[in-house]
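Data block below; observations after.
The values are calculated or read from the model by the stated rules, or taken from the named source; none is laboratory data. Fair warning: this is a prediction, and the values are worked out from it, not measured in the lab. Methodologically, a virtual Cβ is constructed for each residue, glycine included, from the backbone with ideal geometry; neighbour enumeration extends over all protein chains shown. The protein model used for the area step is the full one, side chains on, heavy atoms only, and it has no ligands, DNA or RNA in it. Shrake-Rupley method; radii C 1.70, N 1.55, O 1.52, S 1.80 Å.
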Amino acid sequence: MVGVATLLLLRHGRTTANADGGLAGRQPVELDDTGRAQAVAVGERLRAVPLAAVVTSPLIRCRQTLELALPQATPVIEDGLIECDYGSWEGQPLKKLAKEPLWPVVQQRPSAAVFPDGEAMAAMSARAVAAVRSWDARVSAEHGPEAVWLACSHGDVIKAIVADALGVHLDAFQRIVADPASVTAIRFTPLRPFLVRLNDTGGDLSGLVPPPRKRRRRASRAADSDAAVGGGAGAAS
């Protein structure tokens with residue numbers, strides 16, 4: 001996997017909606033005290049990782065997370081990383097939504113789920129995957145294949161990107177966990193993506209930095225200019 005960029009997916013810290021058991025969606029909910037502490041803590045872990053680029057969902061909880069975690073960074077807004085549009089479900093308690101006929105579909109067959117006055121989960125997955133793959137190619141082209149870059153987004157968005165990286169159907173994405181302030185690492189190779197780390201909430205992140213590429217030494221010229229082409233004893237004359 002050496003020779004490709006590394007994507008770090010960072011979920012925002014805990015919000016007031018997370019604490020209250022509500023579905024925030026695209027509402028401007030902010031980090032609570034726990035979420036702010038989580039953002040500072042993940043920032044300490046990221047200090048050992050040189051980031052070639054930082055992109056983020058436009059929602060304030062992601063921007064607050066990066067302000068606390070990476071105060072020296074200048075994040076670029078990426079609309080493709082915004083939370084799923086849950087339509088009329090936004091702002092409602094999860095306990096209430098669990099009684100809706102659509103709830104089992106969201107949990108068991110999310111590829112068929114379309115939120116009332118909102119977005120289809122399949123559409124959310126497609127635009128999020130397209131966004132990170134486009135950014136990954138851009139970062140690799142501008143900063144080299146050993147670059148590490150970070151995208152701050154939301155639970156369902158990150159789970160959808162991970163499902164794509166694993167080559168599993170979107171209907172399996174509810175089996176994936178992305179906790180607040182967790183880090184997930186993916187490397188996109190020409191043949192397939194590799195999930196390097198998932199839902200990491202406390203590990204050392206310095207190991208995600210690829211080692212410098214070793215320069216190939218130029219082959220020394222043969223001392224004997226009359227050596228047979230192909231070199232080595234017993235070469236055909």
Checklist entry - Which of the aspartates and glutamates could a cross-linker bridge to residue 99, judged by Cα under 19 Å and excluding same-chain residues fewer than eight apart? => result 20, 90, 117
Item to check | Bridge type composition, the chain - antiparallel percent by DSSP, nearest 5 | outcome: 50
Next on the checklist: Show me, for segment 18-25, the HN-Hα J-couplings you get by feeding each phi into the Karplus relation (A = 6.51, B = -1.76, C = 1.60, θ = phi - 60°), rounded to Hz, glycine and proline as x.
Outcome noted: 4, 5, 8, x, x, 9, 6, x
Checklist entry - With charges set only on the Cβ (+1 for Lys and Arg, -1 for Asp and Glu), what does the dipole of the chain come to about its Cα centre, in debye to the nearest 20? => result 840
Item to check | Listed peptides 90-98, 109-117 by packing density, highest first (mean Cβ within 10 Å) | outcome: 109-117, 90-98
Checklist entry - Which value, in Å², gives the accessible area per residue of the chain when a 1.4 Å probe is used on the protein heavy atoms? => result 53
Checklist entry - What number comes out for the charge environment of residue 69, summing +1 per Lys or Arg and -1 per Asp or Glu over other residues with Cβ under 13 Å away? => result +4
Checklist outcome for this item: Longest principal axis of the chain (C-alpha) makes with the long axis of helix 60-69 (C-alpha) an angle, in degrees to the nearest 10, of 50
Checklist entry - If you wrap the chain's Cα atoms in a convex hull and average its projection over all directions, what's the area in nm²? => result 17.2
Checklist outcome for this item: Between residue 24 and residues 5 or more places away or on another chain, the pairs with built amide H atoms under 5 Å apart involve 91
Checklist entry - Along the Cα-to-C-beta direction of residue 175, a point sits 7 Å from the Cα; which residues of segment 197-213 have their amide N less than 19 Å from that point? => result 197-200
Next on the checklist: I need to check one value: relative contact order of the chain, counting alpha carbon pairs closer than 8 Å and at least 6 residues apart, in percent.
Outcome noted: 29
Checklist entry - By per-residue mean of other Cβ atoms within 10 Å, what is the highest-first order of 145-156, 69-80? => result 145-156, 69-80
